[in-house]
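The values are calculated or read from the model by the stated rules, or taken from the named source; none is laboratory data. Predicted model only: the values in this text are computed from it and were never measured. Neighbour counts run over all protein chains shown; Cβ positions are idealised from the backbone, glycine included. Accessible surface is based on the protein model in full, side chains and every heavy atom, while ligands, DNA and RNA are left aside. Shrake-Rupley method; radii C 1.70, N 1.55, O 1.52, S 1.80 Å.
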Amino acid sequence: MGYQAQFAEGSLVRIAGRADLEEFQRTWRYHNKITDQQIDYAGTSARVKWVGFYHGGDVLYQLEDVPGVWHERCLAAVTHS
């Protein structure tokens with residue numbers, strides 16, 4: 001069974017809020033930790049530039065004009081009413 005990303009390249013996503021990112025930064029103990037610079041982008045929207053997978057299945061993203069590598073759990077779909 002292959003890995004599956006929730007967001008495709010070109011998708012518009014919203015980065016989680018500051019409190020959620022800070023909690024993730026405190027508790028995540030593995031690869032690609034969230035940096036303080038990334039937390040400054042809390043609550044903003046960006047397009048997915050690149051989708052990759054860490055060994056074991058964690059989905060990772062790079063976003064256009066936003067630094068760092070992002071975990072899928074730190075992102076949400078942008079929905080329009």
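Looking at (1) within 18 Å of Ala77 (Cα to Cα); (2) under 12 Å from the mean Cα position of the chain (by Cα), which is the one condition that is false for Gln4?
(2)
Could you list all residues from the stretch 1-17 that are within 17 Å of Phe53 (Cβ to Cβ), surrounded by 13 or more Cβ atoms within 10 Å (Cβ to Cβ) and small (Gly, Ala, Ser)?
Once the filter is applied, which keeps residues that are within 17 Å of Phe53 (Cβ to Cβ), surrounded by 13 or more Cβ atoms within 10 Å (Cβ to Cβ) and small (Gly, Ala, Ser), the stretch 1-17 yields Ala5, Ser11.
Conditions first: (1) assigned to a loop (DSSP other than H, G, I, E, B); (2) open to solvent by 40 Å² or more (accessible area, probe 1.4 Å); (3) touching a helix residue (DSSP H, G or I) at 6+ places or on another chain (Cβ under 8 Å). Asp20 passes all but one, so which condition is the exception?
With respect to (1) assigned to a loop (DSSP other than H, G, I, E, B); (2) open to solvent by 40 Å² or more (accessible area, probe 1.4 Å); (3) touching a helix residue (DSSP H, G or I) at 6+ places or on another chain (Cβ under 8 Å), Asp20 is out only on (1).
Tell me the residue from Arg26, Arg47 that is farther than 23 Å from Gln4 by Cα, basic (Lys, Arg) and out of contact with any helix residue (DSSP H, G or I) (no Cβ under 7 Å at 6 or more places or on another chain), please.
Answer to the check: Arg26.
Val69 - would you say it is closer than 15 Å to Ser11 by Cα, in contact with a Gly (Cβ under 9 Å, 6 or more places away or on another chain), open to solvent by less than 50 Å² (accessible area, probe 1.4 Å) and outside any loop (DSSP other than H, G, I, E, B)?
Values: closer than 15 Å to Ser11 by Cα: no; in contact with a Gly (Cβ under 9 Å, 6 or more places away or on another chain): yes; open to solvent by less than 50 Å² (accessible area, probe 1.4 Å): yes; outside any loop (DSSP other than H, G, I, E, B): yes.
When the stated conditions are applied, Val69 does not pass them.
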